[in-house]
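Undergrad: Pasting a structure below so you can have a look.
The values are calculated or read from the model by the stated rules, or taken from the named source; none is laboratory data. Bear in mind that the values here come from a model prediction, so they are computed numbers and not experimental data. In this analysis, Cβ positions are derived from the backbone assuming ideal geometry, glycine residues included, and neighbour counts consider all displayed protein chains. The accessibility values were calculated without ligands, DNA or RNA, using every heavy atom of the protein model including side chains. Shrake-Rupley method; radii C 1.70, N 1.55, O 1.52, S 1.80 Å.
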Amino acid sequence: MPWNALFKLARKRPPLAEGEAARGQEPLTHQDTRAAIEELSQAVRNNPESVEIYLALGNLYRSQGEIERAIHIRNSLINRPGLDQGLRARSYFELGRDFRRGGMLDKSREAFSKSAGLMGDTDEVQLELARLAADCGEFERAAEHYGRVGRNMAQAHYLAHQARDSFRHGDAAKGQRLVEQALEAFPASPEAWLASLVHGALSANLPVLTKTLSDACESIPPVQRFLLLEGLLDVLSAARVEDGTPGLPLKPEAISELVRVCVEVLAALEPDALICYYCAKLCLFEADQDGARHWLEKSLVLNSDFWLARLELVSLVLTDLDLTPFLRDQLAYFVSHARKSKRFVCKACGFRWDKTFFTCPRCRSWHSILFRQEFS
């Protein structure tokens, strides 16, 4: 059956049974997929030698979460006598995807390895092995696979991930080596610079922290610098709390010095609304309200629509006003809830979140995050 005719048949929607009609129609995408599965199953029965239809049917089963059926189809193809090696390799490749979707990671790796043995170490196989290694927490192996296909951004990401783990477990030498490898692969990697910055902050090494922050701000695009500063504020907040983490908490005077040198480095950069905002946040971290007000006012001069800077400034001004307790409580309520607005947005798909991310949780694009300065 020609493919165009097959897909036209697949898009036909069969009439609903009485029970289904009572429950209401399924979403159109589900109806289309079910119809496609039915038509492909019929095509397989009519032409059992058509390997491509088998592969397509297996992919549809996998997309519906029917992993056992998908695996059964792949194995029936792999065991078929006289099957072309390229098609057998493709069957192993899709089998690896099935196993990965079903959480059978060891079997998934084995299937991908057999696929590579038949059709060579293709980029497709390397990318699947990279994702599989990342799912297993094998970040160095994931970085190695991404490096083989020239995905330097992803390679640096997973090297930095492993570096953070090494720093956390007290292996500073390995952590630093991994950071250097990550920056060699992708010099503008905010993940790698952040891992090094966090290590410098937690070790309270002011010269190292100063140089790292300065070099990082020079290497990273200005629109991504907030990733460093957001991470730094999180670390300084954690450093104040005694939670059993080795080396924490830092002494208050050490934290004050860290804040001071960070503000000095940021103040030396070309004026930017976001940089000024984070200088204000660092000042607030040390309860320096006058310094925070100065930086927030400077931020609003550079971008008068920067809603979060304006919100923080209003919050500071409230402390100086003679308000009734009722009005003060209401304003405090609105300010606290406005702070919870999602500040970060993916420029690729528009996804908004209240936490920073290096890959978009929705569209999986790399380094597409922006700080949402204007309230819209």
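Undergrad: How many residues, within the range 332-376, are without any contact (Cβ under 8 Å) to a residue 60 or more places away in the chain and either assigned to a loop (DSSP other than H, G, I, E, B) or in contact with a Leu (Cβ under 6 Å, 6 or more places away or on another chain) (or both)?
TA: Selection size over the range 332-376: 24.
Undergrad: In the set Ala273, Ala292, Ala267, which member is in contact with a strand residue (DSSP E or B) (Cβ under 8 Å, 6 or more places away or on another chain), within 24 Å of Phe371 (Cβ to Cβ) and open to solvent by less than 80 Å² (accessible area, probe 1.4 Å)?
TA: Every option except Ala273 fails the conditions.
Undergrad: Kindly evaluate Asp305 against the criterion of being over 23 Å from Leu194 (Cβ atoms), surrounded by fewer than 18 Cβ atoms within 10 Å (Cβ to Cβ) and in contact with a strand residue (DSSP E or B) (Cβ under 7 Å, 6 or more places away or on another chain).
TA: In short, yes.
Undergrad: Report yes if some residue within the range 203-226 is open to solvent by 60 Å² or more (accessible area, probe 1.4 Å), of a type in the set (Val, Ile, Thr), under 24 Å from Tyr278 (Cα atoms) and at pLDDT below 95; otherwise report no.
TA: yes
Undergrad: Quick test for you: out of Lys281, Lys251, pick the one residue that is of a type outside the set (A, V, I, L, M) and surrounded by 18 or more Cβ atoms within 10 Å (Cβ to Cβ).
TA: From the options Lys281, Lys251, the qualifying one is Lys281.
Undergrad: Is there a residue in the range 178-198 that is of a type outside the set (A, V, I, L, M, F, W, C) and touching an Asp or Glu at 6+ places or on another chain (Cβ under 7 Å)?
TA: Within the range 178-198 (the criterion being of a type outside the set (A, V, I, L, M, F, W, C) and touching an Asp or Glu at 6+ places or on another chain (Cβ under 7 Å)), the answer is no, since none of the residues qualifies.
Undergrad: Do we have any residue at all in the range 321-330 that's open to solvent by less than 60 Å² (accessible area, probe 1.4 Å), in contact (Cβ under 8 Å) with a residue 12 or more places away in the chain and either farther than 20 Å from Val263 by Cβ or touching a helix residue (DSSP H, G or I) at 6+ places or on another chain (Cβ under 9 Å) (or both)?
TA: The answer is no; no qualifying residue exists.
Undergrad: Looking at the structure I just gave you, is Arg34 at pLDDT below 85, more than 18 Å from Met104 (Cβ to Cβ), of a type outside the set (S, T, N, Q) and surrounded by 14 or more Cβ atoms within 10 Å (Cβ to Cβ)?
TA: Taking the combined requirement at face value, the residue satisfies it.
Undergrad: Among helices (runs of 4 or more DSSP H) lying entirely in the range 64-138, which contain 2 or more residues that are under 19 Å from Ile53 (Cβ atoms) and among the small types (Gly, Ala, Ser)?
TA: 67-78, 85-101
Undergrad: The conditions are (1) crowded, with 16+ Cβ neighbours inside 10 Å; (2) modelled with pLDDT of 75 or more, and Leu6 fails exactly one of them. Which is it?
TA: Here Leu6 meets the rest and fails (2).
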